[in-house]
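Read the structure below first, then the notes.
The values are calculated or read from the model by the stated rules, or taken from the named source; none is laboratory data. Please read these numbers as outputs of a predicted model, since none were measured by experiment. Neighbour counts run over all protein chains shown; Cβ positions are idealised from the backbone, glycine included. Areas reflect the complete protein model, heavy atoms only, side chains present, ligands, DNA and RNA absent. Shrake-Rupley method; radii C 1.70, N 1.55, O 1.52, S 1.80 Å.
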Amino acid sequence: MAFSIERRQQDIKALKEGTLDVFIIGGGITGAGTALQASASGLKTGLVEMQDFAEGTSSRSTKLVHGGLRYLKNFDVEVVADTVQERAVVQGIAPHIPKADPMILPIYDEPGSTFSMFSLKIAMDLYDRLADVTGTKYANYTLTKEEVLKREPQLRSDGLLGAGVYLDYRNNDARLVIENIKRAATDGGHMVSQMKVVGILHDADDKVSGATVEDLLTGETFDIKARVVLNTTGPWSDTIRQMDTKVDAAPQMRPTKGVHLVVDNKRLSVPQPTYFDTGKNDGRMVFVIPREEKTYFGTTDTDYTGDFANPTVEQEDVDYLLEIVNNRYPSAKITIDDIEASWAGLRPLISANGGLDYNGAKNQPISDESFDKVINTIKQYQKGNVDRYTVEEALKNIEKDNSESEANPSAISRGSALDIDPDGLITVAGGKITDYRKMALGAMKAVIEILQNNFNLSYELIDSAKYPVSGGEIDPQEVEAETGKLAQMGIEKGLNESEALYLANLYGSNTPKVLALLDEIQQIEGLTLADSVSLCYAMKEEMALTPSDFLIRRTNHMLFMRDTLDSIIEPVITEMARYYGWTEEAKINYRKGLETAVAESDLKNLKGDGKK
Ligand SMILES: Cc1cc2nc3c(=O)[nH]c(=O)nc-3n(C[C@H](O)[C@H](O)[C@H](O)COP(=O)(O)OP(=O)(O)OC[C@H]3O[C@@H](n4cnc5c(N)ncnc54)[C@H](O)[C@@H]3O)c2cc1C
Ligand SMILES: O=P(O)(O)OC[C@H](O)CO
């Protein structure tokens, strides 16, 4: 059945009956990736998400699939090893989403630089080796100062020493989530958004046996029974564990807010993703990334204790990022009035004494002794007193430290944690979007073991490294050619070239299904033919229940197509109201919700418009 509101009713009915093998709380990338592996492996699978799929952190990232080169500075080699290798795996199972887009990293002669030209080359060589791209067309290289300025003439020249260029991937984070959810639904999983877990259930032996949920569309509450319950709620992970009355789980999350700002590329233009130190000697780095006709930059990294569902951009976030970007691009002179869109998200960081990662390794910071040993070894290497092997040995023998880290948020590991509480509740938290599949795999191994040992149910996991998400049935080595063929199908259906290419890039191998809707629908007044069919597909096949779902997460209208956003809001609301049969009151509420989201993205309250 199509992934539509009718399917939602059917799934809710199924969730009320019978017992699931695994019930997943949270529909961000971690939950979605786990649901795909569970459903595809034949488990009776259910997932609930209290907002829209990906509406938490997983639509608010820097939109990269990357290994985190800067983490090598914290010697977080395991995290980088896992994530940098996963880039190609994720591209392989979702070829229409992550796109190779080499990053340029300019180096300045200033205090607190993350890298020197020398250490950058070591880091890039290690990064390439870990990702197995050494010697390929994507192998890293360095640029002289003159070569950098030729590529980025707006970049500040004084203090510039040169740059490194290395492979990373741009990503569409919300799209990666929904394509995992759709594939899980196709494989029989019951995926329900706008449904909130409000209680954890236990059996007579005080073992977790399901959850009480509230349907936020109807207000109805009911129980869902499950043999295994998985908590994949990212920043909310402690909230769910504290909801579990049978355990006394010490809080382990340390959510930090990250903000991105969007300007038109006529105000700031970069030829490729660019990544540099803030220049404030604060251990932070900032990305500047081209997307559609825009340029976005971020992020901040500040401890956060506010409303997890609605982190907002504050004046100090804007001031911080504008100071950095205007310092690096002095001719840009960006002001708050140039900002067309913005977003804020919460990193689900595990505080220093986190649990086991999905591989079972303890994820704590390194000891001071190790840190000093590695630095001194590299200094000896620079003087030619020791060889490369000695440096590698020092890196390999890094010791962990059990002390609670008061380190600045940027020094906290981006690693993940998998914890199983005494009552059997499994929590998978932390990590990144890039290593979501490995996090999900770690969780699924724990689920399979519990089903085998406690319920004598055996399942064999699919090979998720080769199992495409919805829309991912494209040869990963021939993405451009296959996307061109899919676009050609759109042109033959009456779309212009740019519309056809836009749809082919967005929907991958689902494009023919999207184009087939052109035979069923009329162009919606006020929308292009491409947007008309995209909206129809979003409601019929992607569980887009509100205008925000469509304009913010199923497409990039709000963030990267701001110029046309205002003109399409009413036609989108009118068509969704017709399709769903909304009352006038519902229409008003959805319009209000969208207007609030757009005003927040526009920074209306900070620009003074909201102060009049
Ligand atoms: C600023 C920033 C930049 C980043 N950039 C990148 C990047 O470029 N690349 C990368 O790989 N990673 C990046 N990350 C990290 C990455 O975004 C996160 O690690 C990832 O999105 C976390 O996904 P998740 O599914 O664990 O959590 P979430 O996406 O937050 O999903 C958890 C879900 O649980 C739901 N939920 C909570 N409570 C309940 C309940 N009671 N009932 C039902 N549902 C509930 C929430 O609504 C939420 O949708 C970035 C993070 C930030 C903040
Ligand atoms: O976690 P950080 O500090 O690397 O910030 C997230 C980046 O912006 C992209 O992963």
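A few points about this structure:
- 2 or more residues of a type in the set (Ser, Thr, Tyr): qualifying strands (runs of 3 or more DSSP E) within region 99-210: 141-144
- Checking 287, 297 one by one, the residue that is free of Cβ contacts under 8 Å to residues at least 60 places away in the same chain, under 30 Å from residue 502 (Cα atoms) and either within 14 Å of ligand 2 (Cβ to nearest atom) or not acidic (Asp, Glu) (or both) is 297 and no other.
- The one condition in (1) surrounded by fewer than 21 Cβ atoms within 10 Å (Cβ to Cβ); (2) at pLDDT below 95 that residue 84 fails to fulfil: (1)
- Test result for residue 494, exposed (fewer than 15 other Cβ atoms within 10 Å of the Cβ), more than 30 Å from residue 205 (Cα to Cα) and touching a residue at least 24 places away in the same chain (Cβ under 8 Å): yes
- Within region 523-582, if we keep just the residues that are among the polar types (S, T, N, Q) and in a helix (DSSP H, G or I), the residue that is surrounded by the most Cβ atoms within 10 Å (Cβ to Cβ) turns out to be 534.
- In the set (1) free of Cβ contacts under 8 Å to residues at least 24 places away in the same chain; (2) out of contact with any helix residue (DSSP H, G or I) (no Cβ under 8 Å at 6 or more places or on another chain); (3) within 30 Å of residue 508 (Cα to Cα), the condition left unmet by residue 134 is number (2).
- Qualifying residue in region 99-111 (condition: open to solvent by less than 30 Å² (accessible area, probe 1.4 Å), of a type in the set (Lys, Arg), under 16 Å from the mean Cα position of the chain (by Cα) and closer than 12 Å to residue 168 by Cα): no
- Residues that are in contact with a Phe, Trp or Tyr (Cβ under 9 Å, 6 or more places away or on another chain), surrounded by fewer than 22 Cβ atoms within 10 Å (Cβ to Cβ) and not assigned by TED's automatic domain parsing to the domain that holds residue 321 do not occur anywhere in region 146-158.
- Single residue of region 415-443 satisfying the filter (farther than 17 Å from residue 38 by Cα and assigned to a strand (DSSP E or B)) that is most open to solvent (accessible area, probe 1.4 Å): 420
- Restricting attention to region 445-479, the residues being within 26 Å of residue 2 (Cα to Cα) and either among the charged types (D, E, K, R) or under 20 Å from the mean Cα position of the chain (by Cα) (or both) number 12.
- Take the conditions (1) modelled with pLDDT of 85 or more; (2) surrounded by 14 or more Cβ atoms within 10 Å (Cβ to Cβ); residue 452 misses just one of them, which is (2).
- Only residues that are in contact with a helix residue (DSSP H, G or I) (Cβ under 9 Å, 6 or more places away or on another chain), assigned to a strand (DSSP E or B) and open to solvent by 10 Å² or more (accessible area, probe 1.4 Å) were counted across region 212-224, and they come to 2.
- Test: residue 17 is open to solvent by 10 Å² or more (accessible area, probe 1.4 Å), under 30 Å from residue 257 (Cβ atoms) and out of contact with any His (no Cβ under 6 Å at 6 or more places or on another chain): no
- Residue within region 64-76 that is buried (at least 21 other Cβ atoms within 10 Å of the Cβ), assigned to a helix (DSSP H, G or I), without any contact (Cβ under 8 Å) to a residue 60 or more places away in the chain and on the phi < 0 side of the Ramachandran plot present: yes
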